[in-house]
Each structure stands twice: as C-alpha cells, then as structure tokens.
Amino acid sequence: MVALFILVPFILLLILNLPFKFLKATVAFWLSAVLFLIQPLLILTHPWFTWSNYPAGLGRFLIFKLWLDPLALIMLFTIGIVVFVSLLVAKSTISTEKRSFNFINLLLVSFIGMNATVLAADIFSLYVFVEITAVAVFVLMAIEKNRFAIEGTFKYLVLSMFASIFILTSIAFFILAAGEISFAGIHNAFLVNSNIILLNFAVALFLCGLFIKCGVVPFHGWVPDAYSEAQSAVSVLLAGIATKITGVYVLMRLFSSVFVLKDSFHNLIMLIGIISIVFAALAAFRQNNIKRMLSYSSISQVGYIVLAIGCATPLAILGAVLHFFNHAIFKSLLFVNAASLEKKFGSTDMPIITGLGNQLPVTSGTWLVGLLSTAGIPPLSGFWSKLIIIMALFNAQRFTYGWIALLASVLTLAYFLFMERNVFFIKTEAAPGDRGGVPFTLKFCEVLLAAITIGAGLGFPFILNSQIFQLKGFLY
Amino acid sequence: MTVRLLRSVVGLALTSAILAVIMYRLNSPLAAVFELSVCSGLISVIFITTVSFTQRISKERLIIRRKERLLRFLYLPFIIIIAGLLLLRYLKIPQFDLPQPAQVTDARVVLWSLRHLDLLGQAIIIIAGVFGVVVFFKEPNK
C-alpha cells in the first residue's frame, strides 16, 4: 500500500478544506503533526506496509506504478522528520489563524509532492511532482508578502522556470530515444546504445535543469535570497528538505541507477560539486546575516553530495545518501536556531545580536552541535558521512578532489566558529531588543534535531550494520 | 479588471488553441484534446479568476512604467522564426534509429489506468494554485 504515502495526505488536505467551522488551524495542526510523525515511525518498522491486498473495487484507484526501494525509504524517513519540524516551527512563528491554516495546507501539498517524487517510477511523474513541490514552496516563500520574501520567491521562480524548460525538453528527447518514460525503459535505452547521441544530449539538458534546482555554483544565485528572506518555518522546509528532494534526490536517483554515462559527465558533476564546496565556503565568511551564512553553508554541503554522486562508486553513493540525511537534519537544526534568534530579538544580523550564550543556553548548545556536525567533527553524524565521501574519493583515485574536500571542512569549521563566537560568546554592552522567551516548540525542535545528530553519530556503526546494510537492494 | 492582463490571458488561450491544432496535425489527437481543454479552457478560467482579484495600478506607478518597454522586444519573434527557418534549411540532423511510437490507445485507458497518477498530480497542483490565489489576493498585506 505504498500509494497511501500519497493518498492519505491528499485525503487529509481535502478534509481540512471542507466547509465545517471546527476545521481550523488548531485541528489542521494536530492532524498534520500526527501524519508527519507517523511517516518516519512507519519507515522504522517498514516490512509491514508491503501488504498488497487491496480492497476490491476501490483497489484499482490505489494501484499506482510506484517504486519503493531502500533509497526511497531513507528519503521518506527524512521528509517526515523535517516537515514535522517545519510544522512545529510554524506553530511558534506564524501568529495569525488564517495564515497558519494556509501554511499547513501548503505544507501538506509540498509533503505530497515530495513523497510522490521519491516514489515515482517514471521520469514524467517525477517531473510532475517536483513541480508540485516547487509550486507549493513558491507560495510558502511569499506567504508573508514582504518585499524581500517576494524578491527571493521571484528569483527562485524565474530560475526554476528555466530549469523546468531544460528538464521538459530533455524528457521529450528521452521519449524520442527510448520510446517510453519509465526508468527501466530509459536505462535499457542506454544499454542498447543505438541512440546514444540523443540520450547524451537529453542528459546534458537534464543536468542543466538539475543544477539550477540543486542550487549549486554557478546556478546558486537564488539560494541566499530564498533561504534567508523566507519565513522561518519555510526556511527550515526549503533548506532542510524541499530543494534537496527536487534537485539532489533526482540527481542521485537518475545518475546512479537510471542513466549509464561516460566519464566526462561524471567529471563534470564532480567539478561542479567541488567548485560549490569551495566557493560557497569562502562566500559564507563574508556574510553578516546568520541565515545568509547558513544558505551558503547549505550550498557548500550540497556540493559534497553532488561530488559523491559524480564519483559514482558504491561507497560514494552510500556517502551521498548518508550526507543527504545528515545535512537535512543538521541544516534544519541550524535554521531552527536562527528562527529562535529571530523570534527572541527580531533579527538575524550578527552586528545586532551578540553575546547571547547566557540568554539562550538551549539554542547556543544545539547550535554548537549543528555546526560541529556540519564541519564533520567526530563523533557527530556529519563526520561519518563526510569521512565516507572522502574515503570513496581516495579509493577511486580522485586524490585532488579528496584533499580539497577535506580542506574545505576546515573552512566550514572556521566560519561557523566565527559565527558562534560573535553571536553567543562575545561580551557586549549593547543589549538587543528582547521580545520575550523562545517558545517551547522551538526548543523542542532544537533538542530533537540535536539528539538525532548526536544519536546518529554515536550509533553510526550500529545503524549502518543493523539498518542500512539490511536494506536489500541498496547498493547491491 | 485590467484590460492588458486580459489580453495576455486571451493570447495564451489562442496560443494553446494553435498548439492543439499543431498536435492534431502531428497525429497526436489525445495530446491535442488535453491541450485544448486544459490550457485553452481550464487554465484561462483560472487566470481570469485571478485577474478579477487585481486592482487598477495607480497613476503614479503607471507613469513610471514606460509604455514602449515591450516594443523594444518586438524584433524577438521575427529573429526566432528566421533562426528556425535557417536551422531547418542548413542544419544536418544525423539519422537516428528511433523506436516505433506506442499505439494510440483509448483515452479512457490512458486516463484511468496508465496515467491516473498524473490526474492526481493535476488535482493537487490546482489545489496549490487555489491556495496561491488565496494567499496572495485574499489575505491582507503585511
């Protein structure tokens, strides 16, 4: 009943919009929270939902051609956690009832879109649900309707439109060359090799679109404005999972298991990855706003995932998948921290907010966990995934890439420590305008995500052996 | 309602209708039907509904915008058409051994059996569009 991952949130979306007075933001919040939390819990007990005895009659509407494999399981798990956290952040940061209700509905739409993206079994359905996620995210980004949010949305919208043109054109060429749109059919077309020029041209177009969606250098122009100007809960959603699913997951899925490519494509992907890692890390140094610094950090971390996908060995793909998960968690944590700062002081500009360590012990402590994990410091989760990626690069004889990726981690640590020192530890006489305490839901999200980061790091060997390698079909 | 926005919507509907004719001439009647019904019909209705929520621009802002700003790009369609004709005339496309296109099946089979996930996607994206209209036009500005 894999289709339930799409149908249940869709039915909830319809129910919430029935004309009954009791269906308000509070009811929507609790129903959505239960739904988002159930998904990762279901994934942890995954064997049971492969049940396929559909009720007669109704059953034929539930039979979609979906593809549930270990990679999709990990993605569904990550989606559930990050969307749940985004919902909790919205509870504290969106004050009006009507806006909160609209936010929850759009969050449900993006949740459906992301779930269906990871379950899609053909390239056209994949595209349709990527666009559904993107449309929901566009509206969410501009939900506060201030000038800067709309500017960020517009930039993302325009660049996303170009990405969609490239992707749709490439899908047309795939249909022409392969005769069908299923992943299996396209993979066979590569193996048969008779229309390889057309297929490679389609892949090149697809790659252009995906790089824009991923937000890697030099297609990253929309990322800092989009991530930093959006409402706090939307920043968590966008940076934590939405752009990762619509860009990085699609790259991972297609380039590791569907397309069969020459080394030139892999080298190009690796080059874009390494440039993103270094350029974004250096650009992060120059930022005075916390959210903008986190945006550049996000670009840099996505560069690690893209680098590993380009390397394309089984160990590199394992590293990419694990770093995808780890990045979703620790980046969401850092954006929740930024939301706490914004909630308490009304700003995320570093010259304004300094010396907050004593005032925000939970935020400063979890911030430290997030930054150390981002920088790849043991024993946190980010250390393991980065280690696997770098090991994979060295194993594949890509020594230059490996050394640059290793040194870039030092850059990451440097700019984060700089930020940590300025925001939390410098003593200052100027007191920022205090707007009250940080709400419990924000603290809860910070502690939850920090606990996952620490737990995934400390228990990594156990998780790898008992969970990841037990997923049959993952990497072998 | 703003007249110029309506002209854009009507232009879009006309373009979709012409595209539907082209698709029919290329032996894709199913695609032509969907193009006509969805793009010329449904999308135009959604656009007109959205335009009905807009307000007339103020005279001050109207003065700031130059009327001839679009006339600057009048040459673009001609360049695209001429470039297309030149490419058709001189570009030598290599021969490809393309697979045979799939047999045209009944629209009901396509809709309810083969591509019904796309139907769900369409419904969801329309819902997202409706929420977009509500968020942008029904809520008071911050």
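The values are calculated or read from the model by the stated rules, or taken from the named source; none is laboratory data. Computed from a predicted model, the values in this text were never measured in an experiment. Positions of Cβ are backbone-derived with ideal geometry, glycine not excepted, and every protein chain shown enters the neighbour counts.
The set of residues in region A:129-145 being in a loop (DSSP other than H, G, I, E, B) and free of Cβ contacts under 8 Å to residues at least 40 places away in the same chain consists of A:142, A:145. When A:100, A:95 are checked against the criterion of being small (Gly, Ala, Ser) and free of Cβ contacts under 8 Å to residues at least 40 places away in the same chain, a single residue qualifies: A:95.
Name every residue in region B:89-117 that is at pLDDT 80 or above and either in contact with a helix residue (DSSP H, G or I) (Cβ under 9 Å, 6 or more places away or on another chain) or at the interface with another protein chain (Cβ under 8 Å from one of its Cβ atoms) (or both), in order of residue number. The answer is B:117, and nothing else. Please determine whether any residue of region A:109-128 is assigned to a helix (DSSP H, G or I), at the interface with another protein chain (Cβ under 10 Å from one of its Cβ atoms) and more than 27 Å from residue A:184 (Cβ to Cβ). Yes: one or more hits. Starting from residues that are without any contact (Cβ under 8 Å) to a residue 60 or more places away in the chain and assigned to a helix (DSSP H, G or I), keep the ones in region A:310-338 and report whichever is farthest from residue A:78 (Cα to Cα). Taking the candidates together, the pick is A:310.
Any residue at all in region A:154-172 that is crowded, with 20+ Cβ neighbours inside 10 Å and either outside any helix (DSSP H, G or I) or within 11 Å of another protein chain (Cβ to nearest Cβ) (or both)? Within region A:154-172 (the criterion being crowded, with 20+ Cβ neighbours inside 10 Å and either outside any helix (DSSP H, G or I) or within 11 Å of another protein chain (Cβ to nearest Cβ) (or both)), the answer is no, since none of the residues qualifies.
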